[in-house]
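Before any comments, here is the structure.
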Amino acid sequence: MDSFQKKTLVTARSLKYTYHVSRSGEVTDNCPALLFLHGFPDSAHLWTDVIANLGSVPNKIIIPDCLGYASTDKPEDTALYTYDGQAADLVDILGNENILDGAQTVLIGHDWGSALAQRTYLYHRELFRGIVLVNTGYIVPSADKFDLDAVNTLTEKLLGYPQFAYWELFTAPDAAEVINTRLDRMWQALHGDHDQWMKKLFCEKDGMRNFILGDENVPLRPYARGPKFRDHFMEQFSPEKGGFFGAFQMYKSTANNVQAEAFEKLPEVNLKIEVPILYFICRQDAVCLPELMMEPAKGMGLVPNLKEVVLDCAHWSPMEKPVEIATEIKAFLGTV
């Protein structure tokens, strides 16, 4: 993304965002802007290879560092990370780029960025004409209280393993302290190339904590072996840049029911996503399972314009399968 312009904006909520915008590109009825949203624990840099493989699309492209990451503010108040609040920040970015005249943007999100893309559409549906969800399917919003122990007990019965066991570390008071001085261990945990690695690390009680505090080494997936993504990760989460504190806020906002309480205030939200959706399912992702994330929405008739694409990769698909993702996105743009 060397050709992109880096900008900063202080939103209406007094939060400073950094975002990257293509120097060329237009926004018309036939050429919507593309708003890319990364997840945990990444930044705008996640999309580097996907953007490169999009080639010379005429669309304007906008890629923010989401709240809590990289050069964007990392507030300590978890209440600032609600979906509706972050959605308002993203709309401010679109306004700064003069893209608020009708449905002129396609949302593209990975991991927590996928969840944020869904919610941003629900709160501001008049601005968007399509959504791309990478790994994380449509999680139907609910004001019901979230209980991590109950979810892990239920998924252990359904799947044979506690789906969100790793949340026990990510929501713990010492999470950032554990990881900030062991970034190399965290990189291996995220990108290990080992049979059933995600299931072993993410979905076994204390699996993530024990690995990060231990000395076991595993081979890395090919995209994670070179410096392009690893060096950026090490710099972004260095102690001088604030470490992992901000990256855990989305987990805390859900586990502490900040999100549920915020949604309670918005009962009038229409939960149907009426625009076209492109959803990438990744076979080796033990956490983001379509049967638990997308099937409920399909059963409720909330995603009538859904296309699903299956990739043979793990969770960090924008790094692992950028060509395939870019190819499908370009085809999808022809449908919106």
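The values are calculated or read from the model by the stated rules, or taken from the named source; none is laboratory data. Please read these numbers as outputs of a predicted model, since none were measured by experiment. Heads up, the Cβs are rebuilt from the backbone with ideal geometry, glycines too, and the neighbour counts pull from every protein chain shown.
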**Study point:** Residue satisfying all of: in segment 240-291; small (Gly, Ala, Ser) and in a loop (DSSP other than H, G, I, E, B); nearest to the chain's Cα centre (by Cα) among these
**Key:** Ala286
Practice item. Would you please name the residue that is surrounded by the most Cβ atoms within 10 Å (Cβ to Cβ), looking only at residues in segment 121-167 that are of a type in the set (Asp, Glu) and either touching a helix residue (DSSP H, G or I) at 6+ places or on another chain (Cβ under 7 Å) or assigned to a loop (DSSP other than H, G, I, E, B) (or both)? Key: Asp147
Review point. Looking only at segment 316-327, which residues are crowded, with 19+ Cβ neighbours inside 10 Å and in contact (Cβ under 8 Å) with a residue 40 or more places away in the chain?
Key: Trp316, Ser317, Pro318, Met319, Glu320, Pro322, Ile325, Ala326
**Study point:** Scope segment 20-48; condition more than 16 Å from the chain's Cα centre (by Cα) and either surrounded by 17 or more Cβ atoms within 10 Å (Cβ to Cβ) or assigned to a loop (DSSP other than H, G, I, E, B) (or both); matching residues
**Key:** His20, Val21, Ser22, Arg23, Ser24, Gly25, Val27, Asp29, Asn30, Pro32, Ala33
**Study point:** Which listed residue, of Asn180, Asn210, is surrounded by fewer than 20 Cβ atoms within 10 Å (Cβ to Cβ), at pLDDT 95 or above and over 17 Å from Ala247 (Cβ atoms)
**Key:** Asn210
Check your understanding: Which ones in segment 169-203 are outside any helix (DSSP H, G or I) and either on the phi < 0 side of the Ramachandran plot or among the charged types (D, E, K, R) (or both)?
Key -> Thr171, Ala172, Pro173, Asp174, Thr181, Arg182, Gly192, Asp193, His194, Asp195, Cys203
Review point. Residues in segment 287-315 that are crowded, with 19+ Cβ neighbours inside 10 Å and of a type in the set (Gly, Ala, Ser): how many?
Key: 2
Exercise for review: Looking for whichever is polar (S, T, N, Q) and within 30 Å of Asp77 (Cα to Cα) here; the options are Gln249, Gln284. Which one fits?
Suggested key: Gln249
Check your understanding: Which members of segment 221-271 meet the condition of being polar (S, T, N, Q), under 30 Å from His124 (Cα atoms) and either surrounded by 14 or more Cβ atoms within 10 Å (Cβ to Cβ) or at pLDDT 95 or above (or both)?
Key -> Gln249, Ser253, Thr254, Asn256, Asn257, Gln259
Exercise for review: Looking only at segment 193-207, count how many residues are free of Cβ contacts under 8 Å to residues at least 40 places away in the same chain and surrounded by 19 or more Cβ atoms within 10 Å (Cβ to Cβ).
Suggested key: 1
